Amino acid sequence: MMHPVIMAGGSGTRFWPRSRRHRPKQLIRIIGEGTMIQQTVARLAGGFPRERFLIVTAAEQADAMRAQLPELSPGQIVAEPCGRDTAACIGLAAFMLRKRDPDAVMAVCSADHVIEPGSELVRELKEAGRLAAERGVLVTFGVKPDHPSVRYGYVRRGDAIPGYDRPDFKAFALREFTEKPDPATAKAFLAGGDYYWNSGNFVWRVNDILEAIRVHMPELHAGLERIEPALGTPKQADVLAEEYPLLPKTSIDYGVMEKASNAAVVEAMFAWDDVGAWDSIARHRPADEKNNVVVGKHLGTDTEGCILVAENGHLLATVGVRDLIVVHTDNATLVCDRGRAADVKGVVERLEACGESAYL
């Protein structure tokens with residue numbers, strides 16, 4: 001039986017000042033109807049019963065997450081006392097699911113991606129679940145690149161997996177991972193034709209991922225084994241608070257997938273965007289005749305190529321500007337060159353260093 005697991009603990013710092021510590025990217029509305037987490041759950045609910053969902057989030061976000069997802073039981077939203085990256089998040093979810101369903105298959109998705117259409121995602125997750133159950137492989141989804149992006153990691157495919165090389169579902173042995181490349185390398189990847197963007201969506205049997213963690217990340221596995229007896233009991237929160245900060249902080253890609261001999265990549269046929277920074281909303285919202293993307297109220301004179309976001313009826317007025325990102329909130333305003341949207345993360349880091357917690 002397949003269980004959707006949604007990783008929802010990110011901080012979304014590149015969407016500051018809308019995204020804050022207690023209301024990060026996945027808990028705000030950026031694109032479309034509803035917040036990012038609400039859209040993710042709705043997308044997956046088209047193919048899976050809601051009682052099978054498991055959401056792993058940060059402790060400071062858990063109450064807001066439960067408020068936004070009243071259709072889920074409180075126990076389906078698991079609070080990490082601190083962030084330990086995706087390997088710990090996925091390992092914790094795997095141990096929890098194994099107690100509920102020893103033969104569980106996990107479909108691991110992120111809370112802050114835009115994937116369309118949802119029906120295609122569900123279809124491919126189920127196909128990948130059959131592949132994982134039949135062949136014992138650890139599946140990641142690769143997105144065929146349409147430009148040489150340096151913001152994403154890449155995966156390289158190997159030979160096609162017999163029986164899973166159909167026009168509507170293409171699976172390959174996973175040959176190698178590459179971290180975010182420089183521009184020249186990204187162009188070479190695009191020209192080669194056998195590289196995909198690493199989407200961060202996975203499918204595997206619970207027992208297979210836990211065995212892979214045991215082999216490749218024994219310290220993490222041992223820590224999770226200390227936590228396991230308390231899962232689903234009144235002691236869960238206390239034991240997590242004591243043991244979870246001691247777990248190694250490593251991504252599942254680096255800790256497991258790059259080392260596993262049974263990793264596979266499925267070519268995603270759905271449209272995918274991780275909506276990583278303010279400039280990405282231009283891919284999902286219409287621009288005006290001057291190529292400005294406006295969310296809220298704006299009065300512009302000689303303004304072109306800008307992304308302009310205002311809250312609560314606040315009016316943004318611009319004169320003689322080009323290629324800016326301007327985001328207004330009640331207590332902070334961002335003004336940023338559109339080409340440097342990814343650098344907004346540095347603003348948050350400086351605020352943290354200065355102790356300006358009111359703006360975090």
Relative contact order for the stretch 278-359: what is it in percent, counting Cα pairs under 8 Å that are at least 6 residues apart? 21 percent
Rounded Å value of the spacing that divides the Cα centres of the stretch 110-188 and the stretch 1-79: 23 Å
Listing Val294, Val108 by rising number of other beta-carbon atoms within 10 angstrom, fewest first, gives Val294, Val108
For Cys82 and Glu352, calculate 0.36 nm times their separation in residues minus their Cα-Cα distance, and state this gained length in nm to one decimal. 95.5 nm
Average Cα contact separation per residue, the chain, under 8 Å, 6 or more apart, as relative contact order %: 20 percent
List the pairs from Lys25/Lys99; Lys126/Lys249; Lys126/Lys259; Lys144/Lys297 whose alpha-carbon separation is above 28 Å, in the order I gave them. Lys25/Lys99; Lys126/Lys249; Lys144/Lys297
Near Lys290, which aspartates and glutamates are there with a Cα under 13 Å away, not counting those fewer than 8 places off in the same chain? Asp302, Glu304, Asp323
If you put +1 on each Lys and Arg Cβ and -1 on each Asp and Glu Cβ, how big is the dipole of the chain around its Cα centre, in Debye rounded to 20? 220 debye
Is any residue of the stretch 266-283 close enough, with backbone N under 14 Å, to a label point placed 7 angstrom from the Cα of Lys144 along the Cα-Cβ axis, and if so, which? 266-272
Taking R0 as 56 Å, what's the FRET efficiency between Glu219 and Asp337 from their Cβ-Cβ distance, rounded to 0.05? 0.85
Given Ala93, Pro17, Gly153, which one lies farthest toward the positive end of the charge dipole of the stretch 2-273, if we put +1 on the Cβ of every Lys and Arg and -1 on the Cβ of every Asp and Glu? Pro17
For the Asn312, Ala287 Cβ pair and Förster radius 25 Å, calculated FRET efficiency rounded to 0.05 is 0.60
For the stretch 205-249, with only Lys/Arg (+1) and Asp/Glu (-1) charged at the beta-carbon, what is the dipole magnitude about the Cα centre, in debye rounded to 20? 80 debye
With runs of 4+ DSSP H residues as the only contributors, calculate the mean residue ellipticity of the chain at 222 nm using -39,500 (n - 2.57) per run, divided by the residue total and rounded to the nearest 500. -8500 deg cm²/dmol
Please report, in debye to the nearest 20, how large the charge dipole of the stretch 278-359 is about its Cα centre when each Lys and Arg carries +1 at its beta carbon and each Asp and Glu carries -1 there. 160 debye
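Quick note: the coordinates plus some simple rules give every number you see, no bench work behind them. The shown structure was predicted, so the numbers you read here are calculated from the model rather than taken from an experiment. Neighbour counts run over all protein chains shown; Cβ positions are idealised from the backbone, glycine included.
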